[in-house]
Amino acid sequence: MKGKSLISINDYSKEEQIAILDLAVHFESNPVQNILGSHVISTLFFEPSTRTRLSFESAVNRLGGNVIGFSDTSSTSVKKGESLKDTILTVSNYSDLIIMRNPVEGSARFASEVATVPIINAGDGANQHPTQTLLDLYTIRQTQKTLDNLDVAFVGDLKYGRTVHSLVIALCNYNTTFHLVSPVELKLPSAVKMHIKNKNLKYHQYTDMNDVLKKTDILYMTRIQKERFSDQLEYERVKNLYILKKKMLHEVKDNMKILHPLPRVNEIDIDVDDAPQAHYFQQALNGVYVRQALITSILGIK
Ligand code: CP
């Protein structure tokens, strides 16, 4: 994986993804190591983030590397009209690896085509969020002891949810049965469903979350993403459709775990947080180990 950008989850083969997860196990046991030396990693966030940016920066700091970047374009020359190409070419000169989040779908691929250093896509609009997928796979494997033959339910905004798109595509490698719960307006896009169909896997679509709770191994909750709606009235209509409460968990499978890429708004009631099924904050922590594995693999540091 040395020198290889990660833009879409399928840019890395199943074997390469597993190698990252296996290396992340090592970093979970040893998260503080002085191995990045003088390497400089850039984090360019054109869109808000808490977990992705800070877990990447924590990953670098704990490995003794250096981080430069921005989390708000208002203090950069983007504000003066600088193009993405010029920004990426410039930052390529200052760093060994660029991690970028940008609201425009396809912007990460474009950046990888002009950059002279590898690019990691930290989310491009409603398209993909492949590093979230790697930490999701890690967390699923951690909780289920396998990635194979699981029933995985996705609930909420399956249309705009980039974490959902990347994870569905990745799980197509593992004979997953997909349970897709969303309002009709926010169904999983056909282009993503095509990946499921191409592998001859099963998927079922629902509008009621209660229909899937008893049969899932992983319940992947997502936020209805207000910022992606062009029609705010449509957002208002769907924003409270799915709210998971602790009392809904009494008949779930023993191994069932609840994941959420976070941030949440109200789709998981806070009374769920101390339920044994709740695993979303551990999931966020796993992001540090998985991103340590990814960064060191791309930089070729063992
Ligand atoms: N999961 C995720 O992408 O969270 P942030 O938006 O806080 O980075």
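In segment 166-181, the residues that are closer than 25 Å to I120 by Cβ reach residues that are acidic (D, E) and surrounded by 20 or more Cβ atoms within 10 Å (Cβ to Cβ) with C-beta atoms within less than 7 angstrom, at least six apart or across chains, in these pairs: L167/D136.
Listed here are the residues, each with its yes/no results for (1) open to solvent by less than 10 Å² (accessible area, probe 1.4 Å); (2) within 16 Å of R223 (Cα to Cα).
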residue	(1), (2)
K253	no, no
L259	yes, yes
I268	yes, yes
Y280	yes, yes
I295	yes, no
I301	no, no
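Quick grid of which residues meet (1) within 25 Å of K187 (Cα to Cα); (2) at pLDDT below 95; (3) open to solvent by 20 Å² or more (accessible area, probe 1.4 Å):
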site: K214; (1), (2), (3): yes, no, yes
site: D217; (1), (2), (3): yes, no, no
site: T222; (1), (2), (3): yes, no, no
site: E227; (1), (2), (3): yes, yes, yes
site: L241; (1), (2), (3): yes, yes, yes
site: K246; (1), (2), (3): no, no, yes
site: V272; (1), (2), (3): no, no, no
site: G287; (1), (2), (3): no, no, no
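Which residue out of P130, P103 is surrounded by 14 or more Cβ atoms within 10 Å (Cβ to Cβ), farther than 26 Å from A19 by Cβ and in contact with a Phe, Trp or Tyr (Cβ under 9 Å, 6 or more places away or on another chain)? Within the list P130, P103, the selection yields P103. The single residue among T87, T146, T76 that is away from the ligand (no atom under 16 Å from the Cβ) and assigned by TED's automatic domain parsing to the domain that holds K226 turns out to be T146. Scanning segment 184-194 for residues that are crowded, with 18+ Cβ neighbours inside 10 Å and over 17 Å from the mean Cα position of the chain (by Cα) yields one hit, L186.
Scoring N34 on the criteria (1) surrounded by fewer than 17 Cβ atoms within 10 Å (Cβ to Cβ); (2) within 15 Å of the ligand (Cβ to nearest atom) leaves a single failure, condition (2).
Counting the residues of segment 1-39 that are in a helix (DSSP H, G or I) and of a type in the set (F, W, Y) gives 1. For the criterion of being β-branched (V, I, T), more than 16 Å from the ligand (Cβ to nearest atom), in contact (Cβ under 8 Å) with a residue 40 or more places away in the chain and under 29 Å from K159 (Cβ atoms), I98 passes.
The values are calculated or read from the model by the stated rules, or taken from the named source; none is laboratory data. Because the structure is predicted, anything quoted here is derived from the model rather than measured. A quick note on method: Cβ atoms are made from the backbone with ideal geometry, for glycine too, and the neighbour counts reach across all protein chains shown. Heavy atoms of the whole protein, side chains included, go into the accessibility calculation; ligands, DNA and RNA do not. Shrake-Rupley method; radii C 1.70, N 1.55, O 1.52, S 1.80 Å.
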